[in-house]
Amino acid sequence: MIDLKNVGKKYGTTTAVNDLSLEVKTGEICVLIGPSGCGKTTTLKMINRLIEPSSGQILIDGRDSSSLKPFELRRGIGYAIQSVGLFPHLTVFENIAVVPKLLGWQKPKIQARVMELLELIGLDPNRYADAYPKALSGGQAQRVGVARALAADPKVLLFDEPFGAVDPLTRERLQNEFLGLQQRLKKTVVFVTHDIDEAIKLSDRIAIMKDGKLEQYATPEQMLEQPANAFVRDFIGADRGLKRLARVFVRDVMRPSAGVKLEDQNLRTSSVFVVDSGGVLRGWLDPKVSAAQDAFSAHQWQDISVFENTNVREALSRMISLGFQVLPVVNGAGVLKGELSLEQAMSAKGNL
Amino acid sequence: MTNPNRIALLGCLLAVSSLVWLPFLELKANRLVAGSGRRLLELGAAGWWLVGLLLLAGSSAFLIPRFRAPALAILGNLVFIVGIVLIGLDASKLLGSSTLARVSLAPAAWLMLVSSSFLIFAALNDLKNIWLKRLTSSVGILVFLVILLTGGLSSLSVIREYQTRLDTFWLEVGRHLGLAIWALFTSSLFGLPLGFWAARSKRFEGFILGFSGLLQTIPSLALLALLITPFSALVRAFPILESFGIRGIGFAPAITALTVYGLLPIARGVLNGLKAVPETALEAGRGMGMTSVQLFLSVEFPLALGLILNGIRTSAVQLVGLSTLSSLIGAGGLGVFIFGGLGSAANDLVLLGAIPVLVLAVLTDAGFRTLEQASIPKGLR
Amino acid sequence: MNRKRMQSLGLILAVTLTSLALAQQKGTVAIGSKLDSEGQLLGQMMRLTLEHAGFTVKAQIPTGNTFVTRKALIEGQIDIYPEYTGSAINNFFKGQKIPDGAPSRAAQSFAIVKTLDLKLNNVAWLERAPANNTFAVAIPITLATREGLKSLVNLAAYVNKGGVLKVVGSQEFFERSDAFPSFEKAYGFKLKADQKVVIAGATTTQTEQAAASNTDGANAAMAYGTDGAIAALGLVVMTDPKGAQPVYQPAPTVRGEVLKKYPEIAGLLNPIFKGLTLPVLQNLNRQIDLEGKAPLDVARTYLASKGFLK
């Protein structure tokens, strides 16, 4: 648990953060958001004392952070930043191993941990462990940055716009991977962003700030439902209904779908999705084409489906871009798990 | 037909025409008077060998690359070696038994040597095998050194100067190197921390750069003269210093003056190196819990090392050159020959000092460049 | 056996003590010189002589230019170096009253320098060489014989009747009032601007070379009287019968304390400098400048030939 008590930061006569109190529960993701200059990054950096607070107190799991030496405090807190900041002269392995080394871990333990993390972030250890940062793509570098923050298995993670510098598609993928990781790891995370969609998608709670003051601290649902004031309402934007869909997952609103076996195409059941003997999605049948053999259109499942844990907002956007009224829903291996219709997606809003 | 190798062809044409038209060696009645030139073919029929070799090399430039490279490698080295041998033989023939006369290289000899290096460069471009390359680029130099050391060139004026100053030449070379090395050491001793300090404090940065820039503008001669008084006073106050060789003139003030000039490139190298370390790497390091010492040793220093060494190299090469000034305050060095030669308008004596300084500077530069290359972290190459 | 060992130990001790005492008695002397070859030659002569007499010599040859070398002497960093009377009069006694005309009279200028330097700086001047290394004008022998030119009196007459003359010299030579302008004043002639070739910072060897090879039409050169290259380049010096130039005679200058401690230094160096006449110095300088011999070698050979080194 991270507990900020009346924390303030002054530079001369200007106040960057003013009497901020905030409690981040263990295992939760708290997103700090606000316009630039609102004090969100300053708040984040006060937690690991890259910036020393001028006033107030910060407790981490009940312990006053000022009771530790700054570098000791930081070794127990994972830290990832927008520009990644990988050390260009060190390999991917060495970059990830920095904190474990600082903590004096034994070599075999470091080796095992780094390999585990590379697997976790989906980089082939054989190929990437000895690569230098300049050989990585933007997305890969961000993943390594996250792995580096996770290296010593800290309870607390501080993320300063870690997905800010990549293209939207990669960002979406990284966000989903991060949510998947968090489901397993249950870290206490403070996450700074200026992107309200990212905040709604990732957070358990959002702290929205303006001019160094906390405007509202609530779950995304509460905030969308009841913005505390005009500033919060404006900041969230007009499409609050649509944004809310980001909090609902396909698995909660989809309906079952049997799927047509490849060999049974001409049977023409109610379903239009075709699967193979393993249940993996292979394509769809066009109901308007009468000749069965011409109706089948084969596709890679990745191109036409959404996952169970995709949020409805993204599913809706997928539906629109594909021109489907009904989307197939698959698991990570491409096995058809159900389908999502437009009406169901629309009704998700009402479920809240 | 493949295109002829233009470099090789150009070199040969240049050399042949200059050997025919321009003087090969210059004969002076004595060290000071103006001399008269002699063309290669006036000096004996052996000169035709050189012309023949050059023509052969020129025509081999038209061969296909597979045959051209070895042909140029062999002919280039042959031209060089035969040229050096002819210089040695013709010089001693010209000189006869005269003790006063001097023989030195004239334009055609220089152009012939340049042309042989053109041929060798052309061959090096085409050769693939690394050992053949090394052999091609070193065999001429080795033969040259053998001829030089066995006295084959002892009729040349510079070698004459060397022989009359045999007892002091190597002493002065040693002093010169000692001065440069010590000055580099003290320059680093002060320059490295100053650069570090400047990188840490914005206010100090301006002061350091301004101050050491100002020091560089002090005329060297004035600086040397200025240093006599404080050093003499120091030695009078602490006579023990004299047993360490510190005196008002000589080594100590010379090193001090050289340090003043060697400081800036080193401090600037450190400053530039540390400033070039990406801010994000520093923030990441700090955020991960590195102490400032750990951050410096494992992030800043390795990332800045290339530029730091670059600064040290600049300083080292400058110091090799500037150490000539030490002879103006009684510290010796190769400047003794250079300034002595300038004073009595004896160009050969000037060369006796200047050529070793040049060689030392080139070697220093090459050595530090190798070090620099080796020290750049793999991830940055 | 034991006794024998004792004896030999005693002998060694005695020898060591004696040599220590001798070294103590003779002591250490630091010798410097200016950068020019004559300066280095004289410095090396003094060094060899004192070494031969049993002194331990710290040689700092060359030390530097006039300013540096003189400063090193005053600060006690060297004990002896050869200096010129004219140079001393011009540079070392600013603000002292020097009688008019004294600088061009050899004996008088030496006496002045000797007295003033001892009084003001505790620097002693030993015996001077009877050779004048002052500024002079040198012309090709061919011109001198054709026109019958021997002295500056002849040269002035030659110029005034419209004879072709073009002098090459340094800026200092043409601008300093006691250099070339003093010749013009004393002998009553005046060169036009196009009769002067000015080479900034030129040495006399360079100007002599220029005049010998007729560079830029020059047929006369700034020269020093004792330059070794003059004869070899086919030049001849115009004599200065009216004494327009200050006299530049070289002599050892010694720190007073050192001379007081080792008065025998005077006795060692005086006979050597007495023998350094104009032809002798010209010949020795010639060996260095023209034949390219090292100053140390020339000094050693000369001293040996005169019996100063055994």
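Residues in region A:164-175 that are under 13 Å from the mean Cα position of the chain (by Cα) and touching a residue at least 40 places away in the same chain (Cβ under 8 Å): A:Gly164, A:Glu172. Criterion applied to B:Ser292, B:Ser375, B:Ser326, B:Ser298 was being farther than 30 Å from C:Tyr224 by Cα and in contact (Cβ under 8 Å) with a residue 24 or more places away in the chain, and the one residue passing it is B:Ser375.
Only one of the numbered conditions (1) open to solvent by 30 Å² or more (accessible area, probe 1.4 Å); (2) more than 16 Å from the chain's Cα centre (by Cα); (3) in contact (Cβ under 8 Å) with a residue 12 or more places away in the chain is not met by C:Thr115, and that is (3). Annotation note: of B:Thr256, B:Thr217, the sole residue that is more than 12 Å from chain C (Cβ to nearest Cβ), surrounded by fewer than 22 Cβ atoms within 10 Å (Cβ to Cβ) and at pLDDT 85 or above is B:Thr256.
Each row is one residue, and each column tells you yes or no for (1) under 14 Å from B:Gly11 (Cβ atoms); (2) within 14 Å of chain C (Cβ to nearest Cβ); (3) surrounded by fewer than 20 Cβ atoms within 10 Å (Cβ to Cβ).
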| position | (1), (2), (3) |
| --- | --- |
| B:Phe67 | no, no, yes |
| B:Leu75 | yes, no, no |
| B:Gly88 | no, no, no |
| B:Trp110 | yes, no, yes |
| B:Ser115 | yes, no, no |
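The set of residues from region A:301-352 being in a loop (DSSP other than H, G, I, E, B) and of a type in the set (A, V, I, L, M, F, W, C) comprises A:Phe324, A:Ala333, A:Leu352.
Evaluated against (1) part of a loop (DSSP other than H, G, I, E, B); (2) facing another protein chain (nearest Cβ under 8 Å); (3) open to solvent by 50 Å² or more (accessible area, probe 1.4 Å), A:Phe71 falls short on exactly one condition, (1). Across region A:86-104, not a single residue is classified as farther than 23 Å from B:Leu303 by Cα, in the same structural domain as A:Ile33 (by TED's automatic domain parsing), modelled with pLDDT of 90 or more and of a type in the set (Val, Ile, Thr).
Going residue by residue through region A:33-50, is there one that turns out to be touching a helix residue (DSSP H, G or I) at 6+ places or on another chain (Cβ under 9 Å) and basic (Lys, Arg)? Steps first, please.
Just the residues of region A:33-50 that are touching a helix residue (DSSP H, G or I) at 6+ places or on another chain (Cβ under 9 Å), to begin with: A:33-35, A:45-50.
Right, trim to basic (Lys, Arg) and you get A:45, A:49.
Yes, the conditions are met somewhere in region A:33-50.
Answer yes or no: is there a residue in region A:90-104 that is exposed (fewer than 15 other Cβ atoms within 10 Å of the Cβ) and more than 14 Å from chain B (Cβ to nearest Cβ). Among the residues of region A:90-104, not one is exposed (fewer than 15 other Cβ atoms within 10 Å of the Cβ) and more than 14 Å from chain B (Cβ to nearest Cβ), which makes the answer no. For C:Lys192, the criteria (1) more than 26 Å from the chain's Cα centre (by Cα); (2) open to solvent by 10 Å² or more (accessible area, probe 1.4 Å); (3) in contact (Cβ under 8 Å) with a residue 60 or more places away in the chain hold in every case but one, which is (3). Only one of the listed residues (C:Ser177, C:Ser213, C:Ser182) is open to solvent by 30 Å² or more (accessible area, probe 1.4 Å) and under 24 Å from C:Leu116 (Cβ atoms). That residue is C:Ser177. In region C:83-104 there is at least one residue matching the filter, namely being outside any helix (DSSP H, G or I), under 16 Å from the mean Cα position of the chain (by Cα) and crowded, with 24+ Cβ neighbours inside 10 Å.
Right, B:Ala304: within 9 Å of another protein chain (Cβ to nearest Cβ) and either more than 20 Å from B:Leu223 (Cα to Cα) or of a type outside the set (A, V, I, L, M, F, W, C) (or both) or not? No; evaluated as a whole, the condition is false for this residue. Checking each residue in region B:178-230 for being within 20 Å of C:Gln77 (Cβ to Cβ) and either touching a Pro at 6+ places or on another chain (Cβ under 6 Å) or in a loop (DSSP other than H, G, I, E, B) (or both) picks out only B:Leu227.
Taking into account only those residues within region B:149-171 that are in a helix (DSSP H, G or I) and either within 8 Å of chain C (Cβ to nearest Cβ) or touching a His at 6+ places or on another chain (Cβ under 8 Å) (or both), which is surrounded by the most Cβ atoms within 10 Å (Cβ to Cβ)? Don't jump to the end; show me each part of the working.
Residues of region B:149-171 in a helix (DSSP H, G or I): B:149, B:157-164, B:166-171.
Filter once more, keeping what is either within 8 Å of chain C (Cβ to nearest Cβ) or touching a His at 6+ places or on another chain (Cβ under 8 Å) (or both): B:160-161, B:164, B:167-168.
On the way: B:Arg160: 23, B:Glu161: 25, B:Thr164: 17, B:Asp167: 10, B:Thr168: 16.
The qualifying residue surrounded by the most Cβ atoms within 10 Å (Cβ to Cβ) is B:Glu161.
Residue count for region B:332-375, restricted to those that are at the interface with another protein chain (Cβ under 9 Å from one of its Cβ atoms), at negative phi and either assigned to a helix (DSSP H, G or I) or of a type outside the set (S, T, N, Q) (or both): 8. Tallying residues that are buried (at least 16 other Cβ atoms within 10 Å of the Cβ), under 20 Å from B:Gly289 (Cβ atoms) and of a type outside the set (S, T, N, Q) within region A:25-58 yields 9. Among the residues of region B:194-214, those identified as surrounded by 13 or more Cβ atoms within 10 Å (Cβ to Cβ) and not hydrophobic (A, V, I, L, M, F, W, C) are B:Gly195, B:Glu205, B:Ser212. Among the residues of region B:127-148, which ones are open to solvent by 60 Å² or more (accessible area, probe 1.4 Å) and farther than 13 Å from B:Ile81 by Cβ? B:Lys128, B:Asn129, B:Ile130, B:Trp131, B:Leu132, B:Lys133, B:Arg134, B:Leu135, listed by residue number.
I'd like to know if region C:59-79 contains one or more residues that are in a loop (DSSP other than H, G, I, E, B), under 21 Å from C:Phe273 (Cβ atoms), touching a residue at least 40 places away in the same chain (Cβ under 8 Å) and open to solvent by less than 30 Å² (accessible area, probe 1.4 Å). Show your work before the answer.
Keep residues of region C:59-79 that are in a loop (DSSP other than H, G, I, E, B), which gives C:65, C:75-79.
Checking the rest, the ones that are also under 21 Å from C:Phe273 (Cβ atoms) come to C:78-79.
Checking the rest, the ones that are also touching a residue at least 40 places away in the same chain (Cβ under 8 Å) come to C:78-79.
Now narrow it down to the ones that are open to solvent by less than 30 Å² (accessible area, probe 1.4 Å): C:78-79.
Scanning region C:59-79 turns up at least one residue that is in a loop (DSSP other than H, G, I, E, B), under 21 Å from C:Phe273 (Cβ atoms), touching a residue at least 40 places away in the same chain (Cβ under 8 Å) and open to solvent by less than 30 Å² (accessible area, probe 1.4 Å).
Of the residues making up region B:90-105, just one is touching a residue at least 40 places away in the same chain (Cβ under 8 Å), out of contact with any Leu (no Cβ under 6 Å at 6 or more places or on another chain), away from chain C (no Cβ under 14 Å) and of a type in the set (Gly, Ala, Ser), namely B:Ser92. Quick check on this structure: which one of A:Leu179, A:Leu224, A:Leu174, A:Leu214 is hydrophobic (A, V, I, L, M, F, W, C) and surrounded by fewer than 17 Cβ atoms within 10 Å (Cβ to Cβ)? Every option except A:Leu179 fails the conditions.
The values are calculated or read from the model by the stated rules, or taken from the named source; none is laboratory data. Remember, predicted model here, so these are calculated numbers, not experimental data. Every residue, glycine among them, receives a Cβ derived from its backbone with ideal geometry; neighbour counts consider all protein chains shown. With ligands, DNA and RNA removed, areas are computed over all heavy atoms of the protein, side chains included. Shrake-Rupley method; radii C 1.70, N 1.55, O 1.52, S 1.80 Å.
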